[in-house]
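Right, one structure below, let's go through it.
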Amino acid sequence: MAIKPLFTTISAGKYKGKKIMLPSLDSTRSTKAILKGSLFDSLQYDIVDEVFVEVFGGSGSMGLEALSRGAKQAYFIEKDRAAFSVLKNNCKEIDEKHTTPLQGDSFLLFPTLLSTLTCKAYFYFDPPFSIRNGMEDIYQKVLDLIALIPPQMAHLIVIEHMSSLVLPEVIGVYALHKTKKFGNSALSYYRSNEN
């Protein structure tokens, strides 16, 4: 029996109702609709004409939602080949012109991507949860990546993580602004003290 593909939909904006195919749950974990809704309710019109970077791309649902709500460009990094194939297809189906999907390890590609950005961006980090095999130090590696972002390059940094994980109050020049929990997942928002 063929495996039925899984989909999520864009919830608001110019691409509202468009379907986004989800990769296999073996390789990625999709973001809950309630969590996505909360993030974009927080951002509202702030992301209009801004750049959105989804550092662990998966299906690209967050970046594509950002584009639908008025962001001018979305960048995605995804390591898993099958997930990247789905991501690339989703970008092509929804807004090929304003999406840049990159295949590779986020920890290697992100510094390069960061050096090519010419304006401030919104950064979304949704790493694989650390309960997965081989991911025990994932959050520390993510915190190290965030510390590399110059304050003049970030409007906001959002981390999706396990609710049970307490993230530091400060990462480099970024201070924890708020954390919202949604069952097993949570969103933590960081802003630069220099903004």
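The residues LEU64, LEU145, when put in order of fewest to most other Cβ atoms within 10 Å, stand as LEU145, LEU64. With all pairs of separate Cα atoms included, segment 41-93 yields a Kirkwood hydrodynamic radius of 11.1 Å. The peptide list 148-154, 178-184, 118-124, put in order of mean Cβ contacts within 10 Å with the highest first, becomes 118-124, 148-154, 178-184.
Beta-bridge orientation, segment 6-192: approximately 55 percent antiparallel, per DSSP, counting only bridges with both partners inside. Estimated from the Cβ-Cβ distance and a Förster radius of 35 angstrom, the FRET efficiency linking LEU148 and SER11 is about 0.65.
Count Lys and Arg as plus one, Asp and Glu as minus one, and take only other residues whose Cβ is under 11 Å from that of THR9; the net charge is then +3. Exposed loop sites are taken as GluC sites (Glu not before Pro) in a DSSP loop (any state but H, G, I, E or B) with at most 13 other beta carbon atoms within 10 Å; the longest stretch of the chain without one runs 1-135. In the chain, which helices (entire DSSP H runs) extend 20 Å or more along their own long axis, judged by Cα positions, while averaging at least -1.0 on the Kyte-Doolittle scale? Taking the DSSP H segments of the chain (at least 20 Å long, mean hydropathy at least -1.0), we get 81-95. Taking the square roots of 5 times each eigenvalue of the Cα gyration tensor of the chain, largest first, gives ellipsoid semi-axes of 23, 20, 17 Å.
Readers should treat all values here as calculations from the given coordinates under stated rules, not as data from a laboratory. Only a predicted model underlies this, so the values are computations on that prediction, with no experimental measurement involved. For neighbour counting, all protein chains shown are included, and Cβ atoms are generated from backbone atoms with ideal geometry for every residue, glycine included.
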